[in-house]
Every structure is written in C-alpha cells, then in structure tokens.
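S.K.: Structure incoming, see below.
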Amino acid sequence: MSEGRAPTNSTEVAIDPRTAERAGYRVGDKVDLVTAGKQPRVRATLVGLVSFADGSGLAGASLVAWDLRTGQSLYQTQPGTYSDLWVVIDQDRTQQEVRDAVAKVLPAGVEAQTGDRAADEASSEIKEALSFITTFLLIFAGVALVVGSFLIINTFSILVAQRARELALLRALGASRRQVTWSVLFEAVVVGLVGSTLGLALGLLLAAGIQVLFAQFGLDLSGTPLQLTPTAVVAAYAVGMVVTGLAAYLPARRAAQVAPVAALRDEVAMPEGIVLRRALLGGLLVLLGVGLELWVLTGERAQETTLLGAGLFLVVAGAVLASPVVGRPIIRGLGAAFRRVFGTVGNLAEQNALRQPRRTAATASALMIGLALVSMMSVFGASATKSVDTLIEENFQGDYTVSGNFGMPFSSTVADGLERVPGVDAVARVRFAPAQIDGKARQALGGTDLVALQRITTIEAVSGSLDGLGAASAVVNESKAEELGVQPGDDIRVALAGRTTTLRVAAVVKDNPAVAPVVTTLAGFQRAGGPDQDNYVFIDRAAGSDPATVRAGLERQVEALPTVTLKDQDEFKAEQREPIDQLLMLIYALLGLAVIIAILGIVNTLALSVIERTREIGLLRAVGLSRRQLRRMVRLESVTIAVVGALLGVALGIGFGVVLQRSQESQGIAQLAIPWGRLGLFVVLAAVVGVLAAWFPARRAARLDVLKAIATE
C-alpha cells in the first residue's frame, strides 16, 4: 500500500497509483467500476493505492483490489474457494520446512510450493508468454543487418575500385595479396567498431521508442527500466564487427587480385566477375526455393514453418544473385521512358545504371528485400481481412453483436436486459472458458443456448442429434471429435475451476467459428465450473421491426457499461479486423527501419559514385551539360535504382504473401486477396524516395568545379 489502507467492506476499493493518476482520483474519492458479475456497475470509495513493491509488473493493465468477501461476490467465485493461498513463514524456519509441513494438511490435487519456486515459475511463464516479442524483434534486426550488409559491400567495392592504382602500387612495392586483403579488412573492422558503438547508443534510443510504440498497442512497459546487460553490449560489438568484416571480405579479396603491372596503366579496371554465372546460380536457388515451398504446401510436413522459411530464404538469395540480369530489362524499359521525356539526360542515366550492374543490383537489392517483406505482409494482411469478413458473412446471420473490450467477459445481466427490448426476436449468449478436456489442457469449453444460436448461425449435425440437450450433454465439432476420438454416446471428462464433470456427447457437428469445439448448455457450462458471464451476445431483430428503434433500445441497455459495445455486422467485422490492422502497423514500423537503411544505401552509393566519376562529370560539363541537367541525370539514376528494387521486391512479396496465406489456410486464412492499389503505391513511393535520395549527391555533383574535375586523377 503506497497510500491509504486496504479495503475492508463492499463500499471500499483500492487501485494502482498509475490508474489513479490517469483518471485523476485521490484517496477519499468515489470511484465507478464495471465488473462482469451480477452487479455490473459498482460505486465505491477509494481508500488506498496498491501496487507491486517496485511499482512495475502491470504492463499497462489496471489493478483493482477488494476485500476477500466482496471480491468473491463480484467475480462470482464460490465462497470458501480460492485461487492461491500465501503463507508467511516464521523467521526461525526455512521455506522448505514450512512447505513440507503445509503439504501434509492439503487435500489431493492441491500443491504446496516455496515462495522462491512460485516466483521462478511465474517468471518463466511470463518470459515464455513474451518470448514471441524477442523472436519478433530479432527477425527484424536480422533483416536490418542483411540490408545493411549490402550498403557495406557497395561502399567497400567503390572505395577499393577508387584506390585500385594505390593498391596496385603497394603490390608493385612488394606487398603480398594477403597483406592487401588484411589492410582492407582491418579498415572494415575499424569501421565496424565505430559503427557498433554508435549503433549501441542508437539502439538504446530505439528501444525507448519501441517501448512507446508497444504502449500504443496496450503493452505499456514504461514502468520497467531498460536493461543494458553485458550480453547486449558484447552482442552489439560482435555482430556489428563480424557483419562488417564479412560484408567487406569480397571487396578485400577483389582488391588483392589487382596485378602489380596495373599501376603502370592510366585506368585500372577492377574485375566485375561473370554476371551470367551469378544469374545461373541465382536462378537455380530460386527454383530450389520454390520447389521446397511447393513440396511443403502440398502435404503434411513436419517443421513446416522452418522449411517454408528456408524456401523463402533461398528465393531471396537467388533473386539477389540474379538481380543484375533480371533488373536489366527494367532498367532498359525505364531508360526508354526517360529518353522519350528527358532526351540525352535520360540516356546518360540509363547508361550509368547499366555500367556497373552488380553495384546497381546490390543497391536495389537492399530496397528489394525490405519491400518484399512489406509487400508479403500486405498480401497476408489483406487475405486475413478478407477471410474474417467472409467468415462473418457466411456464419453470422444476426443483426447485432454485443461484446466486451479486448474480448473480456461481461455480466450476464446485459443479455437479460437485451431480451426485454421490443423488436428483438432472438438473443443467443455465447460463453468460453479454458478447461482440461479428456486430459488435454487449455481446451475451449463453450456454453450457449443452441436453440437460440441456431437462429443466428447454421449448426449442422454430422452424427447424433441436437434435440433435447441437457446440463450433462455436450456437442463436439468434427475436428475436435477426431482429435479426442469420440462420437455420440461417448463421455468426456471436463476439469474446470477445481472440479471435474462428465459430459455425454450428444452430437458431432460441422466446424463453425461461432461455436466452441466443445459446447454444452448454459446450465451445463455453470455445472462444469464456468462463470455466469457472457463473452458474446448475438441478437436477431424481429421481421418488420424498425431497425433504428430496435438499435436505440439496445443502446440504452449497454450505455451504462463503457466496457461493453453494441455493433452491427459491419462494425463487428471492423472490430475483428482491428487486431490485424494493429499488427500490420507494428510490422510496417519495424520494416521501415530496413527500408530507411536501404535508402541510405542509395544515397551512399550515389555519393561515392559521384566522387568516382569526378573527371567524367567535369568532361560532361565541359561539353555543354548544364548543372540542372546534371542534377536531373543523378536523380533519374537514383529513381532507376529505387524502382528496380521496388518492382523486384513487390513481385517477390506477392509470391511470398501467397505462400504465407496458403500455409495458414487451415488456421482460417482461407481467402487470398492481393491489394494491388497499395502495392502500386509502394512503387510510386519508391520513385519519390529515389528523387529525395539523390538530392545530396546531385547537389554535390552540380557544385563541382569543371576545371578541377577534369584535372582530377
């Protein structure tokens, strides 16, 4: 208790300090609360502020504390039953000694644990529940590192090409190939060290930003300070330096291949390798990746997610290798358009993009990877949205739905009031509770009035009968019946809320998302230990009734409960789509980091390319190319690189999105939808980004002194 005291009766309540601060409550104020019990709205006096010892642990949730008897009454826990009992030990005894003594007096099925073990188990469960966040973020970190590697490869490739004569002179003076290679790698390691230091500092800022971002989605971690562990520091430097070293290896190896005699030439050409060989290898990898995905999708395969990921990786790797050849027709097409509109300047931009195909492809590939993932999630998100809409249209024929915020249950008195509204023909309550069914934990047990529900949705019996269901009967869908190995007439054992109940299977029905895999009557649900609370209420309006009048009557029944909302079918669809949209926005935000790195790669490549072509730019200016035309040439070159990356990325993303949708078809994502408008917008935005990315390099090129540029060695 950070302030005040603990509540002692039904007129008193305590809440956490953060909630009190947000709502402007002080100790002594009257507080309105909504519960899921028979008394849905409660008004009590705030007598204290309660929180965990360090003020954290709620992750954005609110904490409400009552005295024991009031809590049991409001939340419909049976008097004399408890979720946990905590024991404070005598300081002269150890936790283990007291645990052993307590265990001797406990009934069967109840376990005694030491406080340390209970804390460890709770911590492990939380870590396991939140482990997806770590995996989620590490995936995007990996994407950012891959995209960043293209930037490093391009940078060192250009730098090595610019210093080719210098490296050749070193060879002529006696430096070995190994020494030249190690000199470039040492430079890369120094760059990696500096970059890792800056990255670690920026990472802390990004982590704070991610905390704020997660808070917008309901996961408020602001009460927990950021943890900068030694492991994080070591990992940052190790990953940063290793990635930089590996990315610089190929340019370093290429530098060592410069022959000493090359120092005697006016121009030193770095070997570009055999582009066709790369393209053939890339095509082979693409075929292997596509074959692996088709093999997984056409049958029941173990480790399906891993194999699909491996297939996608092979396709991306192959596309990167083949991009110098695959991207050439796109560059030619853009060049033809640029020549028609901009004349000679467009032709120069096209030739510049084609001059170094591997460099252009590497720069475009960084953007390609980012947009491939963005496009993939766009296709998957659109498919998920369409699947949700189709699912509701096909399985829900009711006019209205009442549900609680975040899917939380609400008081059964709400449905009682809805049934009394004039113009209402049917009200179907739907309840869910996690239970252990035939020894299988965390199974969904449902409770409903099947007669009323059949007026809202179609429930078709495959075997058995739906007539005359009682409190000891259950209906099982086909999938769950096959999993449990039951048929009509068999018994299933349900363990819920500390009690075990036997239910007789009356019928096996076709799968329907509106019905739980195992469902019993409302009386049977309470008999099994389920709470007298509704998760959804489906409402059908009587034929001939006025929609506006009926809705107004329904609204009056829920207006006093801010945690309960009434929705028509379109609003219900929007509510079910909202989590998908939120997840997509989070993914877009994280993938945006990889796209930003790719944009920096375009800026970096163009800037270094301008330095590399200083003499050439001076000659172009000398023969009449204006500064404006020069800036336009660099911009068109940038747009070419960006559009090549965008088109290849969108094409890959569509394929990946289809694969992802097909792999999740059994999980309810049964409809494929490709958002062509959004994907087209990505390509247009890429072209705009190309113009913006060229601003600094184009400005720098235009400001070069013509005579000095021509005299540059």
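The values are calculated or read from the model by the stated rules, or taken from the named source; none is laboratory data. Since we're looking at a predicted model, the values are computed, not measured. Here the Cβ positions follow ideal geometry from the backbone for every residue, glycine too, while neighbour counts run over all protein chains shown. What goes into the accessible areas is simple: the full protein's heavy atoms, side chains included, and nothing from ligands, DNA or RNA. Shrake-Rupley method; radii C 1.70, N 1.55, O 1.52, S 1.80 Å.
S.K.: How large is ³J(HN,Hα), in whole Hz, for each residue of region 241-257 in order, when computed from phi with the Karplus curve 6.51 cos²θ - 1.76 cosθ + 1.60 and θ = phi - 60°, using x for Gly and Pro?
M.R.: Each residue's phi maps through the Karplus curve to give 6, 5, 4, 5, x, 5, 5, 8, 5, 4, x, 5, 5, 5, 4, 5, 7 Hz.
S.K.: Then there is this: Please name which of GLN227, LEU418, SER51 has its Cα lying farthest along the dipole of the chain towards the positive end, using unit charges on Cβ (Lys, Arg +1; Asp, Glu -1) and the Cα centre as origin.
M.R.: Projecting each Cα onto the dipole axis, the largest value belongs to GLN227.
S.K.: Continuing with the same structure: What aspartates and glutamates sit close enough to LYS104 to cross-link, taking a C-alpha to C-alpha distance under 14 Å and skipping anything fewer than 8 places away on the same chain?
M.R.: LYS104 reaches no qualifying aspartates and glutamates.
S.K.: Quick one, which of (1) 62, 32, 26; (2) 50, 39, 21; (3) 40, 30, 27 is the actual semi-axes √(5λ) of the Cα gyration tensor in Å calculated for this model?
M.R.: Identified label for the calculated read-out: (1).
S.K.: Still on this structure: Test of the criteria: in region 87-143, which trypsin sites (Lys or Arg not before Pro) are in a DSSP loop and have at most 12 other Cβ atoms within 10 angstrom of their Cβ? Kindly include the intermediate steps, with their values, before the conclusion.
M.R.: Values: sites: ARG93, ARG99, LYS104, ARG117, LYS127; in loops: ARG93, LYS104.
Passing sites in region 87-143 are ARG93, LYS104.
S.K.: Apply the Karplus parameterisation 6.51 cos²θ - 1.76 cosθ + 1.60, with θ equal to phi minus 60°, to every residue of region 463-477 and state each ³J(HN,Hα) to the nearest whole Hz, in sequence, with x for glycine and proline.
M.R.: Couplings: 8, x, 9, 9, 7, x, 5, x, 5, 9, 10, 8, 10, 10, 7 Hz.
S.K.: Given a 1.4 Å probe and every protein chain left where it sits, what share in percent of the accessible area of region 574-657 is carbon and sulfur? Each step should come with its number before you reach the end.
M.R.: Numbers: 2070 of 3310 Å².
Carbon plus sulfur share of accessible area: 62 percent.
S.K.: Just check region 374-513 against the gyration tensor rule for me: Cα atoms, a ≥ b ≥ c as the square roots of the eigenvalues, rounded for a/c under 1.5, and otherwise prolate or oblate depending on whether a/b exceeds b/c.
M.R.: It comes out oblate by the Cα gyration axes.
S.K.: How large is the charge dipole for region 446-569, taken about the Cα centre, if only the Cβ atoms of Lys, Arg (+1) and Asp, Glu (-1) carry charge, to the nearest 20 debye?
M.R.: 240
S.K.: Using the Cα centre of the chain as origin and beta-carbon charges of +1 (Lys, Arg) and -1 (Asp, Glu), tell me which of ILE456, TYR75, GLY653 is placed farthest towards the positive end of the dipole.
M.R.: GLY653
S.K.: Excluding ligands, DNA and RNA, what is the solvent-accessible area per residue of the chain at a probe of 1.4 Å, expressed in Å²? Don't skip to the end; give the middle numbers.
M.R.: On the way: 37290 Å² over 713 residues.
I get 52 Å² per residue for this part.
S.K.: With +1 on the Cβ of every Lys and Arg and -1 on the Cβ of every Asp and Glu, and nothing else charged, how large is the dipole of region 378-496 about its Cα centre, in debye rounded to the nearest 20?
M.R.: Dipole of region 378-496, to the nearest 20 debye: 440 debye.
S.K.: A further question follows. How large is the helix-only mean residue ellipticity at 222 nm for the chain, computed as the sum of -39500 (n - 2.57) over DSSP H runs with n ≥ 4, divided by its residue count, in deg cm²/dmol to the nearest 500?
M.R.: -20000 deg cm²/dmol
S.K.: From the residues ALA164, LEU138, SER183, which one has its Cα farthest along the dipole of region 32-183 in the positive direction, the dipole being from +1 and -1 charges on Cβ of Lys/Arg and Asp/Glu about the Cα centre?
M.R.: After comparing all options, I get ALA164.
S.K.: Do any chymotrypsin sites (Phe, Trp or Tyr not before Pro) in region 1-71 lie in a loop, going by DSSP, with at most 14 other beta-carbon atoms within 10 Å of their beta carbon, and if so which?
M.R.: For chymotrypsin sites (Phe, Trp or Tyr not before Pro) across region 1-71 that sit outside H, G, I, E and B with at most 14 neighbouring Cβ atoms in 10 Å, the list reads PHE52.
S.K.: From the square roots a ≥ b ≥ c of the eigenvalues of the alpha-carbon gyration tensor of region 36-163, which class results: rounded (a/c under 1.5), prolate (a/b over b/c), or oblate?
M.R.: Cα axes put region 36-163 in the prolate bin.
S.K.: Once you sort the root eigenvalues of the Cα gyration tensor of region 550-613 as a ≥ b ≥ c, which label holds: rounded (a/c under 1.5), prolate (a/b larger than b/c) or oblate (the other case)?
M.R.: Cα axes put region 550-613 in the prolate bin.
S.K.: Still on this structure: Starting from the amide H of LEU445, placed 1.01 Å from N in the peptide plane, find each other amide H under 5 Å away whose residue is 5 or more places distant or on another chain.
M.R.: It is ALA433, ALA435, by chain and number.
S.K.: Counting only protein heavy atoms and using a 1.4 Å probe, what share of the accessible area of region 426-499 belongs to carbon plus sulfur, as a whole percent?
M.R.: Working: 1530 of 3540 Å².
Exposed carbon and sulfur together represent 43 percent of the surface.
S.K.: May I pose another question? Report the residues of region 101-142 in range of a label on ASP92: point 7 Å along Cα→C-beta, backbone N strictly under 18 Å from it.
M.R.: Of the residues in region 101-142, 101-102 have backbone N under 18 Å from the label point off ASP92.
S.K.: Further question on the same structure: If you bin every alpha carbon distance in region 97-229 into 5 Å steps from zero, what whole percent lands in each bin?
M.R.: Whole-percent P(r) values from 0 Å outward: 2, 7, 9, 13, 10, 9, 8, 8, 7, 7, 5, 4, 3, 2, 2, 2, 1, 0.
S.K.: To continue, here is another question. Restricting to the chain, compute how many DSSP beta bridges are antiparallel as a %, nearest 5.
M.R.: Roughly 80 percent of the DSSP beta bridges within the chain come out antiparallel.
S.K.: If you don't mind, there's one more thing I want to ask. Give me the net charge for the shell around VAL50: Cβ to Cβ below 11 angstrom, other residues only, Lys and Arg +1, Asp and Glu -1. Don't jump to the answer; show the numbers that get you there.
M.R.: Values: positive: ARG5; negative: GLU3, ASP16.
Counting the neighbours of VAL50, the net charge comes to -1.
S.K.: Given Cβ point charges of +1 (Lys, Arg) and -1 (Asp, Glu) and nothing else, what value in debye, to the nearest 20, does the dipole of the chain about its Cα centre take? Mind showing how you got there, number by number?
M.R.: On the way: 65 positive and 64 negative charges, 928 e Å.
Dipole about the Cα centre, nearest 20: 4460 debye.
S.K.: With a 10 Å radius around each residue's Cβ, average the other Cβ atoms per peptide and rank 670-676, 338-344, highest first.
M.R.: Per-residue Cβ counts within 10 Å, averaged per peptide and sorted highest first, yield 670-676, 338-344.
S.K.: For Cα pairs less than 8 Å apart in space and 6+ apart in sequence, what is the mean separation divided by the residue count of region 421-536, i.e. the relative contact order in percent?
M.R.: Relative contact order here is 35 percent.
S.K.: While we're on this one: Around ALA507, what is the net charge, scoring Lys/Arg as +1 and Asp/Glu as -1 over all other residues with Cβ under 15 Å from its Cβ?
M.R.: -4
S.K.: Of the beta bridges DSSP finds with both residues in region 444-584, what % are antiparallel, to the nearest 5? All intermediate terms of the calculation are to be shown ahead of the outcome.
M.R.: On the way: 11 of 19 bridges.
So the antiparallel bridges amount to about 60 percent of the total.
S.K.: Roughly speaking, what is the centre-to-centre gap between region 396-429 and region 538-569 when only Cα atoms are used, to the nearest Å?
M.R.: Result: 8 Å between the Cα centres.
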